[in-house]
1. Please give the solvent-accessible surface of B:F130 in Å², to the nearest 10, using a probe radius of 1.4 Å with every protein chain present.
2. With every protein chain left in place, what is the accessible area per residue of segment B:42-137 in square angstrom, probe 1.4 Å?
3. Can you work out ³J(HN,Hα) from phi for every residue in segment B:133-138, in order, using Karplus 6.51 cos²θ - 1.76 cosθ + 1.60 and θ = phi - 60°, giving whole Hz and x for Gly and Pro?
4. Regarding segment B:334-411, what whole-number volume in Å³ per residue does the convex hull of its Cα atoms give?
5. 5 Å is the cut-off here: which amide hydrogens, built 1.01 Å from N in the peptide plane, fall below it relative to B:L38, excluding neighbours closer than 5 in sequence?
6. Quick one: accessible area per residue over chain A, 1.4 Å probe, rounded to a whole number of Å²?
7. Could you state the number of Å between the C-alpha centres of segment B:108-185 and segment B:287-303?
8. Ranking request for peptides B:117-125, B:105-113, A:53-61: highest mean number of other beta-carbon atoms within 10 Å first, then the rest in descending order.
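The values are calculated or read from the model by the stated rules, or taken from the named source; none is laboratory data. Here the structure is a predicted model, which is why all the values come from computation and not from measurement. Don't worry about glycine lacking a Cβ; one is built from the backbone with ideal geometry, like all the others, and counts go over all protein chains shown. Side chains are part of the model used for accessible areas, which takes the heavy atoms of the whole protein and leaves out ligands, DNA and RNA. Shrake-Rupley method; radii C 1.70, N 1.55, O 1.52, S 1.80 Å.
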Amino acid sequence: MMDNQIQNADIYTLSPHHRFQWEEAQSSYVILFPEGMVKLHGGAGEVIKRLDGKATVGDVVADLKATFPDAENIEKDIIGMYELALSKTWIRKV
Amino acid sequence: MTQASLGESVVQKTIHATQTQNNGVAASVTQTQPLWLLAEVTYRCPLHCAFCYNPTDYDKHTQNELTTEQWIQALRDARKLGAIQLGISGGEPLLRDDIEDIVVEAKKLGYYSNLITSGVGLTEKRIQAFKDGGLDHIQLSMHDITEEINNFITNTKTFELKKKVAAMIKGHGYPMVLNVVIHRYNIGHMKEILEMADALGAEYIELANTQYYGWSLVNRSQLMPTKEQVDEAERITNEFREKSGSKMKIFFVVPDYFSDRPKKCMNGWGEVFMIVTANGDVLPCHSARVLPNMQFPNVKDTDLGWSWKDSPAFNKYRGDSWMKEPCRTCSEKENDLGGCRCQSFLLTGDAEAADPVCSKSPHHHLIEQAILDSRNPTIAAQPIVFRNDKNSKKIIAGELKDRVDEFHALP
Ligand code: SF4
Ligand code: SF4
């Protein structure tokens, strides 16, 4: 049932009724949904920010690598974030 | 509005969400921002629910409601303090005709806004205005699959209307969030309630076991199910989650009376929740006004920032320095912060006592007694005191004493 295998060519977007926004008061990105919210660390926010319904997982990884050239092992973290967001149904596959 | 829709279960979800520790999602530090603003815009309500947690003396606050401008100012000020989730609740918020204006302002300010309603007063015209204005979701209270129980427990004929409203919410592309308060009269229908919710296309359903505040405390012996019923209800819920293949998210709010540790009420006093009541009182939890010797700020005369950060009321039970034994030296105090101050005071007469739900509390026998009372046929046969203006006036006038006398404040 769990379709959690994140593939490079997959495209994800925010789930319906979810909102992603920068919160000045928290200095962080948040995802808002009925009855809940989640605060995202910088890195996690950078991933979700790039989910525009067009970028593939591969695009997002490449873009983040280019933006943060010094970050180590970044790919693993990005895929991990996809997996978490998917398991929490914050995002869905297009 | 309905129980726990704004309270415990929401709190649990916040904790759950912000404490996720994985792959860069922040573990929550102690929040000192009012992330959740709950606007209890009116105490007027066309329903008369037996389990309503509104204060029994609400009738005092139906004549001095904040104006539209005052609400808008409160929204602006709370947003500056960091509030993001906005619950528009009551009473029945739709009894005010300015919810449309409040919704528009909420959108402008960047809130994620939620209308918490019984559905009475929701028309095509109004829901369209909410949609256009940017309301994010609507939470509808449902009571049972049977017309009989719905109409009995709400003391109104609203069964057919609820179904119509559910369809309207769906029809406008809103996520369907249902809240069902669970008590003796509907706990036997758990499976059917879940199936109904699924059939209505609900995305979320909150099964909120009654918590005993306000009217539900007065009706505690009449409403409380047995431990066996609660266990069975939880089992059915888990089974439904696993087997049905339904995508619906189910939140089962456990009843604290049958647990041996209290809930971390409101996720901590003055930690994430700020409530502004119909008349402008600013509270850390819905029932805080039952506490003695407390002066709560009011938006009519004080700034919200001061209320949240500096008012003696909000600071009184922040953290754990106010605690006494057994909480003070308890190794579990971080988990529950000693439970609910209002519950402690209402039941023990001491707001700083451990929540009597806790088995370490010297007052735990009060909870055990309440459970026994609810199974005592003579006590349980007392009539339900429905939440309505007439009963509220009576309670204010000191009548119905036999139903409130055992508590240390008017529930
Ligand atoms: S009477 Fe019922 S619908 Fe009205 S506020 Fe109370 S719980 Fe909500
Ligand atoms: S003694 Fe107090 S702090 Fe410890 S578990 Fe009980 S209520 Fe919580």
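1. The accessible area comes out at roughly 0 Å².
2. 33 Å²
3. x, x, 4, 8, 7, 10
4. Here the figure is 109 Å³ per residue.
5. B:G87, B:M274, B:I275, B:V276
6. About 50 Å² of surface per residue is accessible.
7. 30 Å
8. Most protected by this proxy first, the peptides run B:105-113, B:117-125, A:53-61.
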